[in-house]
Number of protein chains: 2
Amino acid sequence: MNTFTEENYIKCIYMLAAGTPEGITTSAIAGAMKTKSATVTDMLKKLSDKSLVKYEKYYGVKMTDKGKKIALQIIRKHRLWEVFLVEALNFKWDEVHVIAEQLEHIQSEELIERLDKFLEHPKMDPHGDPIPDNNGKIYTAHLTLLSQLKHKEAGVISGVSEHSPSFLQYLEKSGMSLGNTIQVMEKHEFDQSINIRINRKKNLHISNDIAKNILIKTEDAK
Amino acid sequence: MNTFTEENYIKCIYMLAAGTPEGITTSAIAGAMKTKSATVTDMLKKLSDKSLVKYEKYYGVKMTDKGKKIALQIIRKHRLWEVFLVEALNFKWDEVHVIAEQLEHIQSEELIERLDKFLEHPKMDPHGDPIPDNNGKIYTAHLTLLSQLKHKEAGVISGVSEHSPSFLQYLEKSGMSLGNTIQVMEKHEFDQSINIRINRKKNLHISNDIAKNILIKTEDAK
DNA sequence: TATAATTTTTAGACTAATCTAAATTATTTT
DNA sequence: AAAATAATTTAGATTAGTCTAAAAATTATA
């Protein structure tokens, strides 16, 4: 088992490595972890001993497959807890990160699988970031307008293209806010209005004028 | 703020002190914490420095009011998480302790208050132990038969007085098990049968023959 | 009430995670 | 390509939590 601290380094290195095939530098990690390079060097040796990273002195680290798998598991936990905090406990999307940073270290496979089921297997966290599945598989996200979602499709509110007070007040009043999961329950051809479900709880009927100003992140099966 | 380890000692000492006005011995704590007396001595000094306990060399410790308050806060968190695990995630009452031992250390007042609300302010955990309120106040538990509960009264299934396979199978099939919260929704005078709600979710109608064999822990307002 | 047995504390050591300062290696500049 | 600069690692120290073994204090016993 890895310590709390090791897990944080693993996640951090994974995040920094996302995109680049380059080795991650000691100072980049030190910057991200708000610690000193000397501390990072020690940790890299330890993670290297556990074969979670491939470390070459003075040339930075890359993650091993084993390390990536663990990182994805932690990210999965973090994002599932974020969904829980927003959907079940009604936190706002920007309030959940700090708490999820703690919850992501709770050790229990069973707990996470049950939480996933309880949340009805969400594909995305409240920030619109994809939730890796139990095998570490990630689906890529895609941005569209709520008005373009098909019947039964779901996604996360990720922005608005209209900023007038009356529009924002309407959203507020209807209980829609950033990070909420939206599923299309019915589409009415006549006036293009749609019935949606918010956070798998509340149903709502909205006009096309509203729907076409709400940005939704959906996942594309990859 | 107290560390994870400090919190575990505080809770442990509080538990051991429950009942006795005596000082708690070093070896009792060492036994409960599965650690050595020398380690406990060091920790007692630290907790004493923080005025969470009153420590007198060779004579054991007592908790201060400040220490008690913290202990109760941890116990509150532990028990609320247990309710969550059983009611929302459908764990069995005897599977939740280990996970709750981790969750009880998550730091966030707001989280706990929202969790409490989400669970509809339960008064008791799945083991039938009372959940301290936000001020550390505890209501004492009392054991009765489900058949004797009044309209709207609630409690936790804590045992059965009948052990025949057919009875136990009936409970199993109806979705009732140890640790489940039961609320009486309706009482039918004619045949003494009652409508109950299990874990604030599923409704069920049961006969008096069943109800009089189920032991329920309720809390007495104190 | 001395002595024996038990409990508790102290002393010294270890590991994990951190730091600062010095030494080493790599990179950039002229 | 040599010197200057920047990044990285090593060395040595610190704190929290733990241990074992020895010393000290308390409690039980004969």
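The values are calculated or read from the model by the stated rules, or taken from the named source; none is laboratory data. Since this is a predicted model, take the numbers as computed values, not measurements. Reconstructed Cβ throughout: ideal geometry from the backbone, glycine too, with neighbour counts over all protein chains shown.
Among the residues that make up region A:134-144, is at least one of them away from chain B (no Cβ under 14 Å) and closer than 20 Å to B:L115 by Cα? No - not one qualifying residue is present in region A:134-144. Looking only at region A:59-66, decide whether some residue is at pLDDT 95 or above and buried (at least 20 other Cβ atoms within 10 Å of the Cβ). Checked region A:59-66: at least one residue is at pLDDT 95 or above and buried (at least 20 other Cβ atoms within 10 Å of the Cβ).
Candidates A:L85, A:L89: the one that is surrounded by fewer than 20 Cβ atoms within 10 Å (Cβ to Cβ), at pLDDT 95 or above and farther than 23 Å from A:I10 by Cα is A:L89.
When A:I70 is tested against (1) in contact with a helix residue (DSSP H, G or I) (Cβ under 9 Å, 6 or more places away or on another chain); (2) within 12 Å of DNA strand D (Cβ to nearest atom), just one condition goes unmet, and that condition is (2).
Within region B:11-35, the set of residues being in contact (Cβ under 8 Å) with a residue 40 or more places away in the chain and of a type in the set (V, I, T) comprises B:I13 only.
Taking residues in region B:37-54 that are under 13 Å from B:N8 (Cα atoms), and partners anywhere that are within 7 Å of DNA strand C (Cβ to nearest atom) and β-branched (V, I, T), the pairs with Cβ atoms closer than 9 Å and at least 6 places apart or on different chains are B:V40/B:T26; B:L44/B:T26.
Just name the residue that is nearest to DNA strand C (Cβ to nearest atom) out of those in region B:15-35 that are assigned to a helix (DSSP H, G or I) and among the small types (G, A, S). Among them, the one singled out is B:S27.
Each row is one residue, and each column tells you yes or no for (1) more than 13 Å from DNA strand C (Cβ to nearest atom); (2) of a type in the set (G, A, S); (3) farther than 22 Å from B:K202 by Cβ; (4) within 14 Å of chain A (Cβ to nearest Cβ).
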| site | (1), (2), (3), (4) |
| --- | --- |
| B:S37 | no, yes, yes, no |
| B:M43 | no, no, yes, no |
| B:E56 | no, no, yes, no |
| B:I74 | yes, no, yes, no |
| B:V86 | yes, no, no, yes |
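Each residue in region B:95-119 was checked for being within 8 Å of another protein chain (Cβ to nearest Cβ), of a type in the set (A, V, I, L, M, F, W, C) and not in a helix (DSSP H, G or I), and 1 pass.
Picking from residues in region A:1-12 that are loosely packed, with under 13 Cβ neighbours inside 10 Å and assigned to a loop (DSSP other than H, G, I, E, B), the one that is farthest from DNA strand C (Cβ to nearest atom) is A:M1.
Go through region A:37-58 and count every residue that is part of a loop (DSSP other than H, G, I, E, B) and near DNA strand D (Cβ under 7 Å from one of its atoms).
Taking region A:37-58 and keeping what is part of a loop (DSSP other than H, G, I, E, B), we get A:50-52, A:56-58.
This time we only want the ones that are near DNA strand D (Cβ under 7 Å from one of its atoms), so: A:57-58.
Number of matching residues: 2.
Considering only residues of region A:13-36 that are surrounded by fewer than 18 Cβ atoms within 10 Å (Cβ to Cβ) and more than 14 Å from DNA strand D (Cβ to nearest atom), which is nearest to A:L47 (Cα to Cα)? Checked region A:13-36; the qualifying residue nearest to A:L47 (Cα to Cα) is A:M15.
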